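Shown next, in structure tokens, is the structure this report addresses.
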Amino acid sequence: MTIAINVVQVLMLVLMAPLVRGVIARIKARIQNRRGASVLRPYSDLAKLFHKEDLVPPSASFVFRLAPVVMFAVTVVAAAFIPVLRSSALLGIRGDFFILVYVLALGRFFLLLGAMDGGSSFGGMGASREVLVSTLAETPLLLALMSLAMVAHTASIEKMVLWTTGQDFFELSAVHALAFAAMALVAIAETGRIPVDNPTTHLELTMIHEAMVLEYSGPSLALIEWAGAIKLTVIMALLVGLFLPWGMAATFSLPAVAIALVLWLVKLGGMALALALVESSVAKLRMYLVPDFLGVASALAILAVVFTALMR
Amino acid sequence: MGLFETEAAKALASSAVFLFITVLLMAAAKRISTCIMMFSAQSAVMAMQVLAIARMRHSREAYAIVALVLIVKAAAIPYALFRIVDALKAPRDVSSSTTSAQSIFIAAGLILLSFFAVKPYAGALGVDEAMLAAAVALILTGGFLMVSRKKALMQVVGLLVLDNGIFLAALTTTFGMPLVIEIGVVFDLLMGVFLMGLFAFRIRDTFEHLDVSKLRRLRG
């Protein structure tokens, strides 16, 4: 039973990821007074790409073909660390938050290799920018997760979630507030959203992610896009699980799981709305201001770790 | 104690977090208007803290203070400041001498410093350590905002944050000053904001900018 729910959780994160993107795009369109495309649009985009020819630059090696596959596989593995309906995950082991962070980093590493293997100058430029952003984002993400681990006295994400579920919402701890602020900033940088990167632009001065995938086409591009959507959903689900886990099913009964599912969808919808609001109201940062943005996240994360000692 | 009182006590104990967050956001903010909004939010949080204390101690006077803080500090002063910012038609950034990341590191350091500073006293006075630390942190960051921001209006905002800190310190150690004194202080502050507003207009008209770091020589 546990295994079944855990597998369903992973499948949900993987299959619902394009929908999450579609919903965010739709909300953004509404805020900007446009009608916007259907929320199912990302699925048809993926279907279209999967039917197209995969063009490979003549100078590229096997790494170019391998990179999207590895990135997709690794992102699906990352989804298996996230508790969604119950405070348990398919790969929930001790110390899994380290694995989660570096599994995501592994996917990014292969995408970087693929981008540079493509041979265009944009690939290398996007790769170097992505490395800068991800290097600066890794510290605050790990520190914020560690501060939560120290408060909950456990090193696995599912135990942290279980611990938070047992707390009273009104006894909000400084550590959680600071870690949430830090992780929200990191999440924006990690998933390449405004104000760090704009997922809808192809302007060479500003693009990061789009520059890396410029040479990809057909099924390879579909895998990269899908993996990107899964990553966004995984990080949103991680934030929901760590900071708003109340309502997760404690038992295996059908009503409890159904309530957990509905509540989870509502929370995820709320996060999508918040993200759309931020993206519509904030201007994209200049590349040179991104280290400053992530410096703020680092300061918050360090403060969160220090507060774990102060609060005891 | 009823359910409401219990929740109020718990919310009060953790409300210092919100004050820390407003202070950190103020340090990170790049625009004057963001800082003003954060000041308004900070005042509203403090009004809620007074309200929670009023509920727990059943004090009539405290309700008057809640209303006073909400009306003057959370609404009137921010509104006046917004009007001044609009009327000045000056660039809206705070022109800080430190980057946001540096400012937030400094603000974080000041918060830690205030925790260590109040540690010996909080136990002796029998008050909540986080609240007292928040009060000291507000005073320190208010001072930091005043010295590190170059726009004349940010000195006002820094002063207001500093005053919030003093108010909170009085609230945590003695459960608030008498109503008459609070009224006096709040209206003093309101007058101070208007005076500083006038001052900002004079600075702009005489020097054609609001940068206090360039006020080096006298002009008629």
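The values are calculated or read from the model by the stated rules, or taken from the named source; none is laboratory data. Just so you know, these numbers come straight off a predicted model, no measurement behind them. Counting neighbours? That spans all protein chains shown, and the Cβs are built from the backbone with ideal geometry, glycine included.
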Would a scan of segment A:238-250 turn up a residue that is at pLDDT below 95 and within 14 Å of chain B (Cβ to nearest Cβ)?
-> yes
Residues being in contact with a Phe, Trp or Tyr (Cβ under 9 Å, 6 or more places away or on another chain) and of a type in the set (Lys, Arg) - total across segment B:40-67 | 2
Filter segment A:259-293 down to residues that are outside any helix (DSSP H, G or I) and touching a Ser or Thr at 6+ places or on another chain (Cβ under 9 Å) and give me whichever is farthest from the other protein chains (Cβ to nearest Cβ).
-> A:Lys284
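The rows are residues; the columns are (1) away from every other protein chain (no Cβ under 14 Å); (2) modelled with pLDDT under 90; (3) over 15 Å from B:Met154 (Cβ atoms).
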site: B:Thr6; (1), (2), (3): no, yes, yes
site: B:Ala11; (1), (2), (3): no, yes, yes
site: B:Ala44; (1), (2), (3): yes, no, yes
site: B:Ile53; (1), (2), (3): yes, yes, yes
site: B:Asp86; (1), (2), (3): yes, yes, yes
Output the residue which, of all residues in segment B:18-58 that are closer than 17 Å to B:Thr174 by Cβ and touching a residue at least 40 places away in the same chain (Cβ under 8 Å), is surrounded by the most Cβ atoms within 10 Å (Cβ to Cβ).
-> B:Met46
Select from segment B:88-109 the residues that are small (Gly, Ala, Ser), more than 14 Å from every other protein chain (Cβ to nearest Cβ) and either surrounded by 15 or more Cβ atoms within 10 Å (Cβ to Cβ) or more than 30 Å from A:Leu178 (Cα to Cα) (or both) and list them in ascending order.
-> B:Ala90, B:Ser95
Within segment A:297-306, identify whether any single residue is more than 14 Å from chain B (Cβ to nearest Cβ), in contact (Cβ under 8 Å) with a residue 12 or more places away in the chain and aliphatic (A, V, I, L, M), and answer yes or no.
-> no
Test B:Gly143 against the stated conditions and say whether it is over 12 Å from the mean Cα position of the chain (by Cα) and surrounded by fewer than 20 Cβ atoms within 10 Å (Cβ to Cβ).
-> no
Just a yes or no: is a residue in segment A:136-143 surrounded by fewer than 22 Cβ atoms within 10 Å (Cβ to Cβ), polar (S, T, N, Q) and either in contact with a Leu (Cβ under 6 Å, 6 or more places away or on another chain) or at pLDDT 90 or above (or both)?
-> yes
Do we find a residue being modelled with pLDDT under 85 and in a helix (DSSP H, G or I) anywhere in segment B:24-37?
-> no
Only one of these conditions is not met by A:Val296: (1) outside any helix (DSSP H, G or I); (2) buried (at least 22 other Cβ atoms within 10 Å of the Cβ). Which number is it?
-> (1)
What are the residues in segment A:153-182 that are at the interface with chain B (Cβ under 10 Å from one of its Cβ atoms), not charged (D, E, K, R) and not in a helix (DSSP H, G or I), if any?
-> A:Leu172, A:Ser173
Quick check: is even one residue across segment A:222-231 touching a Phe, Trp or Tyr at 6+ places or on another chain (Cβ under 8 Å), modelled with pLDDT under 90 and either more than 30 Å from B:Met131 (Cβ to Cβ) or within 14 Å of chain B (Cβ to nearest Cβ) (or both)?
-> no
Got a number for residues in segment B:147-180 being among the aliphatic types (A, V, I, L, M) and surrounded by fewer than 20 Cβ atoms within 10 Å (Cβ to Cβ)?
-> 9
What number goes with the only condition from (1) of a type outside the set (D, E, K, R); (2) farther than 30 Å from A:Val306 by Cα; (3) assigned to a helix (DSSP H, G or I) that A:Leu242 does not pass?
-> (2)
Name the residues in segment A:117-151 that are of a type outside the set (Ser, Thr, Tyr) and touching a Ser or Thr at 6+ places or on another chain (Cβ under 7 Å), would you?
-> A:Asp117, A:Gly119, A:Pro140, A:Met150, A:Val151
Only residues that are away from every other protein chain (no Cβ under 13 Å) and touching a residue at least 12 places away in the same chain (Cβ under 8 Å): list them for segment B:110-131, please.
-> B:Leu125, B:Val127
Out of A:Leu100, A:Leu85, A:Leu66, sole residue that is without any contact (Cβ under 8 Å) to a residue 60 or more places away in the chain and surrounded by 15 or more Cβ atoms within 10 Å (Cβ to Cβ) | A:Leu66
Taking segment A:191-223 only, how many residues are under 25 Å from A:Ser280 (Cα atoms) and outside any loop (DSSP other than H, G, I, E, B)?
-> 4
Would you list the helices (runs of 4 or more DSSP H) that sit entirely within segment B:129-220 and hold 2 or more residues that are at pLDDT 90 or above?
-> B:129-148, B:152-174
